[in-house]
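For reference, the structure discussed in these notes is given below.
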Amino acid sequence: MRGDAPGRRGAKANVPVGPPFTRILTGDELGLIRVADVPFGPNWEGASVVARWGTPDRSNAVVVMTVSAAGPGNIALLAVARPTGKVDLLSTETGAVVATLPPPPPASAATAASGGGHHSGVRAVPPPRVCAMAFVARPVGGAPSSSGSAAWAGALVTCASSGVVRVHAPSPDAAAGAAAGSLPSAWVEQRSFQACASVSAMAVDSTGRYIAVGGDACNVQVWDLDSSLPVWKAKGGKPNMVGLVDLVHVTALAFLLPAAVGKEDEEAGEGDEAAAAASNTRPAASGGEGAGEGAEGEVPRLRILAGTVKHKLWLYDTGVGKRPQLELAWGEARVTALAAQGPGRVWLANGSGTIEALDVGARSTGHGLRGPGGSIRALCAQAGGEPGAPSLLASAGLDRFVRVHDTSSRRSLLKLYMKQQLTGVMFAPVPDSVAAAAVAAARGGDAAGGAMAVAGVAEVRAEEEAEEDEEEAAAAAGGGDDGGGKKNKGGAAEGGGGGGKARKAGAGGGGAKDGPSNKKAKKAA
């Protein structure tokens, strides 16, 4: 049975009528974007895959993805990075490609263009791919802010594996079109700078002004997007008993969400920022371990969590010092993803399929989530929108399942099979047109709208059935890492994830051993 089978049966008749609760987007190793809608309620059992965007092509795989804020019609932009370095901007309503950003230049070329930079001897590594990106809802570097409803587009910050950071924003004409209700189709590069030689992870703080980057032999650095200058650089962990320090290889980064501050602290922070802007001084990138707080021109106090390839967690506080304020060894595999949820909690994922929460106040990890098998490649946290609404965490990885958990109760809400090894997952707003069609189809009052909605979903599912063999053939041709092909579509390259026979029985998570056991049960029946 395919992963969207629960959606075929549909929601029960007594479920209240309303627009879909949320929309989940996933990207995979064949470059496909799958769309899963959770019916109103939320009715998690009725969730199903309603659309698939793209054609199977391993050379066009999804490396990383992110979603912008919602614009007119509750439509957002989905940014998808490809192995060639280009970034496609898609509409979250139809999946149509609105714009394409060119690949970043090699590191050496970018350094030469910027007049040397911090790593003038960096050799070119063509083609560099985008390893991290995020939308920021603010103008960068003194650029004119968009007025009216065009401000939702913001700017897109991308970071390549070569260390080149770029900022793109809609052109003035495209911003005017966005204000009129259309998606911006023309994007221009506002600035570009060289951060460090090799970058594996990037994170953007809650204000959208500062970014943190890190990678192989590159410890955590904080850069100011407005000035394109480094404002803080971390030092490695403390030496062990024999005086050795782990080699730095940062694989995941996250800013801790700011805690509520008092009015006096807020006014003091605004005063420091205004003073720094008036004096036009560069924030101090050097200084002692215990550099004083509140000095004019300093980077504001930020807390950054870094995960490494040596399964270490380093928590930095820019207002305290450059050494980690907390250093923990977590699990036995590299840290692959981090997702902050609240001022004192960060969700952790690693290459062995473990998902746990770091309680910063207690300085410990725990509250593990059950279900994932195989390496976790992406996490996406969503806070409850209404009072009493659950806080959600979506995860995706090599076991080909997208899962959603309630982080308060740690209960599994959703498990959908996506047929390919996943590389990204994001929550997205439900477009108004999709919500209206769903309501019309559920009520049956608008025959035309209901027929269109039902026919659209049926067409997508029939198309997926017809192209299933084509996808499996393309995956098998990529090197045989598809986990067993048609006989074991649920297997994962790292850690297993539920055999195909087990999935038909609704079990999942049983690995290769479930196939023979189900065959015996079938013979006995």
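The values are calculated or read from the model by the stated rules, or taken from the named source; none is laboratory data. If you're wondering where the values come from, they're calculated on a predicted model, not measured in any experiment. Backbone-built Cβ (ideal geometry, glycine too); neighbour counts: all protein chains shown. The accessibility values were calculated without ligands, DNA or RNA, using every heavy atom of the protein model including side chains. Shrake-Rupley method; radii C 1.70, N 1.55, O 1.52, S 1.80 Å.
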Take the residues in the range 39-64 that are more than 17 Å from Val402 (Cβ to Cβ) and without any contact (Cβ under 8 Å) to a residue 60 or more places away in the chain; name whichever of them is surrounded by the fewest Cβ atoms within 10 Å (Cβ to Cβ). Ser59
Take the residues in the range 238-256 that are outside any strand (DSSP E or B) and closer than 16 Å to Ala197 by Cα; name whichever of them is most open to solvent (accessible area, probe 1.4 Å). Leu247
Could you grab the pairs with beta carbons closer than 9 Å, sequence gap of 6+ or different chains, first residue in the range 381-405 and within 15 Å of Pro429 (Cβ to Cβ), second one at pLDDT 90 or above and of a type in the set (Phe, Trp, Tyr)? Gln382/Phe427; Leu392/Phe427; Ala394/Phe427
Please verify whether the range 127-149 includes one or more residues that are modelled with pLDDT under 90 and closer than 22 Å to Thr251 by Cα. yes
Considering each residue of the range 347-374, count those that are assigned to a strand (DSSP E or B) and surrounded by 17 or more Cβ atoms within 10 Å (Cβ to Cβ), and give that number. 9
Output the number of residues of the range 70-104 satisfying the condition of being of a type in the set (Gly, Ala, Ser), surrounded by 20 or more Cβ atoms within 10 Å (Cβ to Cβ) and in a loop (DSSP other than H, G, I, E, B). 3
Selection status of Gly344, touching a Gly at 6+ places or on another chain (Cβ under 8 Å), surrounded by fewer than 22 Cβ atoms within 10 Å (Cβ to Cβ) and not aliphatic (A, V, I, L, M): yes
Reported set for the range 28-38 where residues are open to solvent by less than 10 Å² (accessible area, probe 1.4 Å) and either in a strand (DSSP E or B) or under 13 Å from Ala438 (Cα atoms) (or both) is Asp28, Ile33, Arg34, Val35, Ala36, Val38
Only unsatisfied item for Val320, checking (1) free of Cβ contacts under 8 Å to residues at least 60 places away in the same chain; (2) assigned to a strand (DSSP E or B), is (2)
Subset of the range 223-237 that is assigned to a loop (DSSP other than H, G, I, E, B) and out of contact with any Leu (no Cβ under 9 Å at 6 or more places or on another chain) - its residue that is most open to solvent (accessible area, probe 1.4 Å): Lys235
Hydrophobic (A, V, I, L, M, F, W, C) and open to solvent by less than 10 Å² (accessible area, probe 1.4 Å), is that true of Val67? no
Of everything in the range 401-417, what is at pLDDT 95 or above and outside any strand (DSSP E or B)? Give them in sequence order. none
